[in-house]
Structures are given as C-alpha cells and as structure tokens.
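Here is the structure we will look at.
None of the figures in this text is laboratory data; all of them are computed from the coordinates on show. Please read all numbers here as calculations on a predicted model, not as lab measurements. Here the Cβ is made from the backbone with ideal geometry for all residues, glycine too, and neighbour counts use every protein chain on show.
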Amino acid sequence: MWIIAGLGNPGKEYQKTRHNAGFLVLDQLALSLDIKLTEHKFESILGKGEQARHKVLLVKPQTYMNKSGEAIAQAMNYYKIKPERLLVVVDDFNLSLGTLRFRARGSAGGHHGLESIAQQLGTTDFKRLRIGIGTVDRKDADFVLGMFTKEETTEIKEIIVRAVEAIGFLLGHSFENTMNRYNLKETK
C-alpha cells in the first residue's frame, strides 16, 4: 500500500493559497484515480483505491500544516505502513513556480508540515514531492498563505496536472525512474 498525503490547511480561507498546493494536487489525483475523498478518520479526510496493482490511501490532514505529522502517523500506524511507502505532496517556496521536485528523503527545509511528519515518524526517510510555488528571499507567511495571482493560476493548474501524472507514473515504476523523468531542471 502507498499512502499519499497532500499537505495544506483546512478551511475555506486557505483553500486556494500557495501553502495548500498539496491539497490541490491530492484533490486532482483523487479525481484522476476515481477515488472519493469522503472518509473522516485519523484527523484527516481519506480516500481508498487501487492503481497499477497498488492499494492507495489518499490522506488530507485536517490538523493544520504544523501538526500534519500527527494525522499521518495515525494512518500509518493503523495500516502498518513503513515510511518508505509514504509520499508527501507539499508546497515549496524555494522552487520556482511550475517546478516539481521528488526526493526520497532529506531535511524539512524549514517546512513546518515536513518537520511535523519527521518528528512524529522519527525519521526523514520518507518520499516527498515538492511543488514550486514561487520563490521569496525569506520565509514569508504572507506569501505562502496568499492566493496565487491571476497569471500564476494558469501555471499552477498546469503543474497540478503534471504532478498527478508524475504520481501515477510512480505507482507503476521505481522512485528513481520517477525522479529521473519528472525532476526537470528549472528553466527560469
């Protein structure tokens, strides 16, 4: 089984913010895989399905970003899933808008959602897909909690489609092949 967790903040006021890129990707992935996100368990909204002979659990933590690890750890413990079968989809303000970056492990890079997951799991050895939301010179809450501009909205829609395609590819291929195919160099 794969657990694919999209990170974001619950509530309408955060729905289309940069920090909710993980939620945006997970919603589109659920549509693509015909998985209904309707179950409320583990402080999350869940959906179960199957793709490429793999069981898939989609998880949208409802704990706010900085406590995402609590919800994800509950689901992983219940289903007895090891960290290497977790893919976390998360926004990244260190990447240009439109960039996808798969990583097999690593630091949280200042992202509170990833920090929470690492703390709850006791490891940084879990996979992540970072979605570039545009870069800023410093950590800026107003930027990450802000809405995409009209111009950025078109580009973020394209990256969401590409991210869903990449996750679909991952479910049928190795993580290394997925990184080689989708971790494109930034063109900006």
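Only counting other Cβ atoms within 10 Å, I'd like Val161, Val59 sorted with the fewest neighbours first.
Ascending number of Cβ neighbours within 10 Å: Val161, Val59.
Per DSSP H run of at least 4 residues, take -39500 (n - 2.57); add these up for the chain, divide by its residues and hand me the 222 nm value, nearest 500 deg cm²/dmol.
-11000 deg cm²/dmol
Indicate the helices, whole DSSP H runs only, in the chain that combine a mean Kyte-Doolittle hydropathy of 1.0 or more with a Cα extent along their long axis of 15 angstrom or more.
In the chain, the long hydrophobic H runs are 21-33.
Distance check, please: which entries in Lys127/Lys157; Lys82/Lys150; Lys12/Lys157 exceed 30 angstrom between their Cα atoms?
Going by Cα-Cα distance, Lys82/Lys150 fall outside the 30 Å limit.
State the three equivalent ellipsoid semi-axes of the range 2-182, derived from the C-alpha gyration tensor as the square roots of 5 times its eigenvalues, in descending order and whole Å.
Whole-Å semi-axes of the equivalent ellipsoid: 22, 18, 16.
Sorting Asp125, Asp34, Asp27 on the 10 Å Cβ count, fewest up front, what's the list?
Asp34, Asp125, Asp27
As a footprinting exposure proxy, order Leu95, Leu7, Leu24 by other Cβ within 10 Å, with the fewest listed first.
Leu95, Leu24, Leu7
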